[in-house]
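Structure record follows, encoded as C-alpha cells.
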Amino acid sequence: MSAIHQRSGCQGIRRASLRPDFPVLCQSQDLHYLDNAATAQKPHAVIDAMTQCLSQAYAPVHRGLYPLAEQATESYEAARQQVAQFIGASSAHEVVFTRSATESINMVANGWMGPRLRPGDRIWVTRMEHHANYLPWQRVCQQTGAELCVLELDAAGALDFSAEAVFGPRTRLIALCHVSNVLGVENPVAEVCAKARAQGIPVLVDAAQSVAHVPLHVQQMDCDFLAFSGHKMYGPSGIGVLYARDERLQEMAPLLVGGSWAGGGGGVPAAVGPSCDASAHHGPGGCHRRSTTRGAWLAYFAVCRCAAVGHCVIYD
Ligand SMILES: Cc1ncc(COP(=O)(O)O)c(C=O)c1O
C-alpha cells in the first residue's frame, strides 16, 4: 500500500463496501475500474446532487433577483465555501471556479504571470510535470523571452534541488505537482514553498493527482496558487478550481471579459456536485454583478416591463 493511501486512511476501506456507492460498478461484479488517475467514477451522492439541481433548483447564478435564482446562487456559494474549507483556504473568495486544472493553470500563466515576465526571467517546472503544468509555462516563456527551466530528478525519482538557481534572483515562479501522475511520488511542496517564500518567489502547486488522496491545507502549505479538477475527485467533468492567495488575486486581471456564462466553470449543476466546482463570478474570470449600478437599473427595468404585462407575479 502506498504512503499516500496510508496517510489518507484508505487502508481500512474494503472494496466490497465501496461498490454500491457507484452505479456504474453495480452493473456487474466483473467490472473493475482502475483508471482513477485519469478520471474517477461518480458516486450516487454526486449524481443525486446534480439531478436535484437540474430538476428542482436550476436558475442563473448571480444574475437573477427571483427566489429560484437566489436559491441557485446560495447553493453555488455554499459549494464555494465547502471547497474553501476542504483545501484550508482562509476565505471562499480565494476559490475561483474554472473548467479544469488545465484552465486554472492557464489562467495563472496568461492572466498573472505573462504580463509580469521579462526577457531573462526564469520559470521553474519539474521533469515529472503533466503537460497541463508544462505547456502553459513554455508558451508564456516563448512569448516573453523568459527562460523555462526544468528541475531534474535524482536516481530515486525525487526532485533534485541542488541547483542554486532554483531559488535565485531571476526566478519568477516555481510550478510543480503535489503528486506526480507519472511516478506517483509526493513532492515536499510545503518545504519548497517555505524556501521560495524566503526569496519572495511565488509557487503554483498542481494538485490534480493529490486532491482526492492527500489532505490539503493551502495555508499550511503556504502556496500562492493551487489547481485541481473535479472529475478526478469523483465530481463532474467540466469543473475545476483555482485557489489563489488573496494578494495574488488582487494582482490578476480578468482573463475573459463579457458574459459570466462564457467566463468558465461548469455551471450550477457541476458546482453543487459535492466534490468541487467552478465559476467566473469571483476573481480572474468574472465580477460581482449584483452590486453594480447597472445590475440595479436592469432589475428596475425588468420589474417595470413585467408589471406592464399583467397577470405577472413579481417577487422581491
Ligand atoms: C498531475 C496532473 N495535472 C494536471 C492534469 C490535467 O487535468 P485536467 O485534464 O482535468 O485539466 C492531470 C490530468 O491527468 C494530471 O494528472
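Before moving on, here are some points about what is shown:
- Yes/no for residue 97 being in a helix (DSSP H, G or I), in the same structural domain as residue 180 (by TED's automatic domain parsing) and under 20 Å from residue 225 (Cβ atoms): no
- Residue list for segment 231-252, restricted to those being assigned to a helix (DSSP H, G or I) and either polar (S, T, N, Q) or more than 16 Å from the ligand (Cβ to nearest atom) (or both): 246, 247, 248, 249, 250, 251
- Take the conditions (1) in contact with an Asp or Glu (Cβ under 9 Å, 6 or more places away or on another chain); (2) more than 16 Å from the ligand (Cβ to nearest atom); residue 142 misses just one of them, which is (1).
For (1) within 20 Å of residue 226 (Cβ to Cβ); (2) surrounded by 13 or more Cβ atoms within 10 Å (Cβ to Cβ); (3) touching a Gly at 6+ places or on another chain (Cβ under 9 Å), each residue gets a yes or a no:
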position: 133; (1), (2), (3): yes, yes, no
position: 138; (1), (2), (3): no, yes, no
position: 142; (1), (2), (3): no, no, no
position: 159; (1), (2), (3): yes, yes, no
position: 175; (1), (2), (3): yes, yes, no
position: 187; (1), (2), (3): yes, yes, no
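For (1) within 16 Å of the ligand (Cβ to nearest atom); (2) touching a residue at least 60 places away in the same chain (Cβ under 8 Å); (3) surrounded by 18 or more Cβ atoms within 10 Å (Cβ to Cβ), each residue gets a yes or a no:
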{"residue": "29", "(1), (2), (3)": "no, no, no"}
{"residue": "32", "(1), (2), (3)": "no, no, no"}
{"residue": "63", "(1), (2), (3)": "no, yes, no"}
{"residue": "81", "(1), (2), (3)": "no, no, no"}
{"residue": "88", "(1), (2), (3)": "no, yes, no"}
{"residue": "95", "(1), (2), (3)": "no, yes, yes"}
{"residue": "103", "(1), (2), (3)": "yes, yes, yes"}
{"residue": "107", "(1), (2), (3)": "yes, yes, yes"}
{"residue": "111", "(1), (2), (3)": "no, yes, yes"}
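- Residues (outside any loop (DSSP other than H, G, I, E, B) and more than 14 Å from the ligand (Cβ to nearest atom)) located in segment 113-133: 113, 114, 115, 116, 122, 123, 124
- One residue alone among 214, 205 is within 14 Å of the ligand (Cβ to nearest atom), surrounded by 24 or more Cβ atoms within 10 Å (Cβ to Cβ) and modelled with pLDDT of 80 or more, and that residue is 205.
- Pairs where the first residue, in segment 168-184, is outside any strand (DSSP E or B) and the second is small (Gly, Ala, Ser) and within 11 Å of the ligand (Cβ to nearest atom), C-beta under 7 Å, 6+ apart: 178/207; 178/210; 181/37
- Residues located in segment 220-230, provided they are more than 10 Å from the ligand (Cβ to nearest atom) and not aromatic (Phe, Trp, Tyr): 220, 221, 222, 223, 224, 226
- Output for segment 78-115, where each listed residue is within 18 Å of residue 142 (Cβ to Cβ), in contact with an Asp or Glu (Cβ under 8 Å, 6 or more places away or on another chain) and of a type outside the set (A, V, I, L, M): 112
- Qualifying residue in segment 144-164 (condition: at pLDDT 95 or above, within 25 Å of the chain's Cα centre (by Cα) and of a type in the set (Gly, Ala, Ser)): no
The values are calculated or read from the model by the stated rules, or taken from the named source; none is laboratory data. Just so you know, these numbers come straight off a predicted model, no measurement behind them. Positions of Cβ are backbone-derived with ideal geometry, glycine not excepted, and every protein chain shown enters the neighbour counts.
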